[in-house]
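What follows is a short report on a single structure.
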Amino acid sequence: MTTEHNTILVVDDEKVIRDLISDILNDEGYPVHTAESGAAALELLRGSHDYVLMFTDIMMPEMDGIELIQAAREVDPSLIPIVMTGYATLETARAAVKAGAYDYVVKPFSLGEIKLAVSNALDRYNLVRENARLRDLTDLFEISENIAAIHHEDQLMDFVLNASLQRVNAERGSIMVPSRDGKSLLMAAKVGNYTNAVETEVDINNSISGWVARNNLPLCVQDLENSSDLTEISNKLDDKSFISVPMEPSSSINGENGTQVEVAPEHQSSKVLAVLNVDQKRDGSAFTDGDLKVLNIIANQAAVALENVRLLGEIELANMATLNSMAKALEAKDQYTHGHSERVRNYAVMAAQLLGLSKEDQETIWLGAMLHDVGKIGVSDAILNKTEKLSDEDWEQIKLHPVIGYDVLKPVSYLNEKHLALIRSHHERLDGTGYPDGLTEDQQDIRVRILAVADTYDAMSGDRAYRKGLPPEVIIEELEFCGNSKKLDKDVANLFIKLIKSGEINHYGENEPKIV
């Protein structure tokens, strides 16, 4: 067993006892410090956390051993106390254990008793430390797994920040990302209350986060007041101690923990994806090297995930552009349906916002609505552009387009079941008379219901090969009928009626809503 960091503190008001135990432990290779009183012992403990074991006499003036143990455990909860007493009683043992003592030895003690007590205590200390290390590894592994499973940048930032704060027991923090021009950092996520207003944008050449981004080095500062270089760019931080870590996949844990930092030249540019900042320990203490290592691990995992999310986003945009072009090419074959998918998308997203649907639902509707008629690629142009009344056979062909669209788009990896439901079910009706599956009210979620009304409205309001667009009063009458007869969702239909009457519907049809 290595004894390099197993420093032992011996506390006794009798010098002969201190010297005796010191000699015994020194012979065994343990570093030993001594204190003649409880107050002196606490001063040593507050100055260093290298102590793992403390021998203390129970009967001492001013502060007895029980009081010392209680105070010492507040300074360092991991410290293992062993009490020494010349008056061993059941009451003494109970009091010592209640105060947190691990063991006790009775004066006069033998060499073997001291060695056994130390060996047992250090075995316990190492076991506790190993268990803590395993818990740390397990926690970090779970965090890493959760990070890898997130595919939206906003959700990733929020999770990483909250996980980081929880892991190092901090209350406040933020994540900053470089602006497009690389001259500043923008707030991507924030947690906690700050006395001073937190800037949503900081100069990359004149901020703590900017220093970390430009140098691609982590900072762990115990006391900002002792770092004049950092104080000048601290932007009035609320706390003296903080950690700032770059999120960059290939970065290594090589930052300095000191308080004096030389700021890099201004011409250096940022290569990091983001900067993770944490401050305000819940217990008011300063951040440690251990905290820095933990945050470096989380930041590195987050950086890899962030790159993957952004890469996936670029691939999805490219695929979406292809599918969007397909939809527009389809509409180009028919002058009467030109812009139909975009208008339906605008109406549907607008309705989702006004009805209070989440951002995720709005995004799902946006994409599903854009692609809802892709299946018409499998319908004959002659039928789509027919000016006379459609035959029963023609209608049967048209009714196939939701299924064709579903089958065509199902292999697309970034389209989920919610997107595909919009594409397949936008012609379903609540009373079960729709197609292709005849779904009833309890089988259609609000996203499908919204798209059904948006598609119906645009079909009625726009010109077709076989008729002109219907006037507003006729559309309102039809929407009222469909809502009351449970063909369409009544609340969604009433929303469209309200917007038609106010004239707002025209604005929404021509302008793509911003998803919020």
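The values are calculated or read from the model by the stated rules, or taken from the named source; none is laboratory data. Nothing here was measured: the structure is a model prediction, and the numbers come from that model. In this analysis, Cβ positions are derived from the backbone assuming ideal geometry, glycine residues included, and neighbour counts consider all displayed protein chains.
Can you run down the residue pairs with Cβ atoms below 9 Å, 6 or more apart or on separate chains, where the first is in the stretch 388-408 and in the same structural domain as ARG467 (by TED's automatic domain parsing) and the partner is among the acidic types (Asp, Glu)? Listed pairs, sorted by first residue: HIS401/ASP373; PRO402/ASP373; PRO402/GLU428; PRO402/ASP437; VAL403/ASP437; GLY405/ASP373. With the condition kept exactly as written, say whether any residue in the stretch 165-188 is surrounded by fewer than 18 Cβ atoms within 10 Å (Cβ to Cβ), modelled with pLDDT of 85 or more, outside any helix (DSSP H, G or I) and of a type in the set (A, V, I, L, M, F, W, C). Yes, the stretch 165-188 contains at least one residue that is surrounded by fewer than 18 Cβ atoms within 10 Å (Cβ to Cβ), modelled with pLDDT of 85 or more, outside any helix (DSSP H, G or I) and of a type in the set (A, V, I, L, M, F, W, C).
How many residues are in a loop (DSSP other than H, G, I, E, B) and among the hydroxyl-bearing types (Ser, Thr, Tyr) if we restrict to the stretch 458-516?
Let us first name the residues in the stretch 458-516 that are in a loop (DSSP other than H, G, I, E, B), namely 462-463, 465-466, 468-471, 485-489, 503, 511-516.
Now restrict to residues that are among the hydroxyl-bearing types (Ser, Thr, Tyr): 466, 485.
Here the count works out to 2.
The number of residues in the stretch 297-325 being surrounded by 14 or more Cβ atoms within 10 Å (Cβ to Cβ) and within 26 Å of ILE377 (Cβ to Cβ) comes to 5. Restricted to the stretch 32-61, and to residues there that are modelled with pLDDT of 90 or more and assigned to a loop (DSSP other than H, G, I, E, B), the residue that is farthest from SER285 (Cα to Cα) is GLU36.
One residue stands out among those in the stretch 70-99 that are of a type in the set (S, T, N, Q) and surrounded by fewer than 15 Cβ atoms within 10 Å (Cβ to Cβ): the one that is modelled with the highest pLDDT, which is GLN70.
Summed over the stretch 465-516, residues that are surrounded by fewer than 20 Cβ atoms within 10 Å (Cβ to Cβ), of a type in the set (D, E, K, R) and closer than 30 Å to ASP381 by Cβ total 5. Out of the stretch 310-327, which residues are touching a helix residue (DSSP H, G or I) at 6+ places or on another chain (Cβ under 8 Å) and closer than 21 Å to ASP373 by Cβ? Once the filter is applied, which keeps residues that are touching a helix residue (DSSP H, G or I) at 6+ places or on another chain (Cβ under 8 Å) and closer than 21 Å to ASP373 by Cβ, the stretch 310-327 yields MET320, LEU323, ASN324, MET326, ALA327. Would you say ALA459 is modelled with pLDDT under 95, in the same structural domain as ASP373 (by TED's automatic domain parsing) and touching a Lys or Arg at 6+ places or on another chain (Cβ under 8 Å)? When the stated conditions are applied, ALA459 does not pass them. Taking the conditions exactly as written (closer than 26 Å to SER358 by Cβ and assigned to a helix (DSSP H, G or I)), does ASP442 satisfy them or not? The answer is yes for ASP442. Here ILE500 qualifies as farther than 23 Å from SER425 by Cβ, in the same structural domain as ALA351 (by TED's automatic domain parsing) and touching a residue at least 12 places away in the same chain (Cβ under 8 Å). When the residues of the stretch 10-26 are filtered to those that are within 19 Å of ILE69 (Cα to Cα) and touching a helix residue (DSSP H, G or I) at 6+ places or on another chain (Cβ under 6 Å), the one that is surrounded by the most Cβ atoms within 10 Å (Cβ to Cβ) is VAL11.
From the set of residues in the stretch 367-386 that are crowded, with 18+ Cβ neighbours inside 10 Å and not in a helix (DSSP H, G or I), which is modelled with the lowest pLDDT? Selected residue: VAL379. For the stretch 462-484, a residue qualifies if it is of a type outside the set (D, E, K, R), out of contact with any helix residue (DSSP H, G or I) (no Cβ under 8 Å at 6 or more places or on another chain) and either closer than 21 Å to HIS507 by Cα or at pLDDT 95 or above (or both), and the qualifying residues are PRO471, PHE481. The sole residue among ILE398, ILE500, ILE450 that is of a type in the set (Val, Ile, Thr) and under 38 Å from the mean Cα position of the chain (by Cα) is ILE450.
Looking at the stretch 341-377, which of its residues are among the hydroxyl-bearing types (Ser, Thr, Tyr) and within 19 Å of ASN416 (Cβ to Cβ)? Passing the criteria: SER358, THR364.
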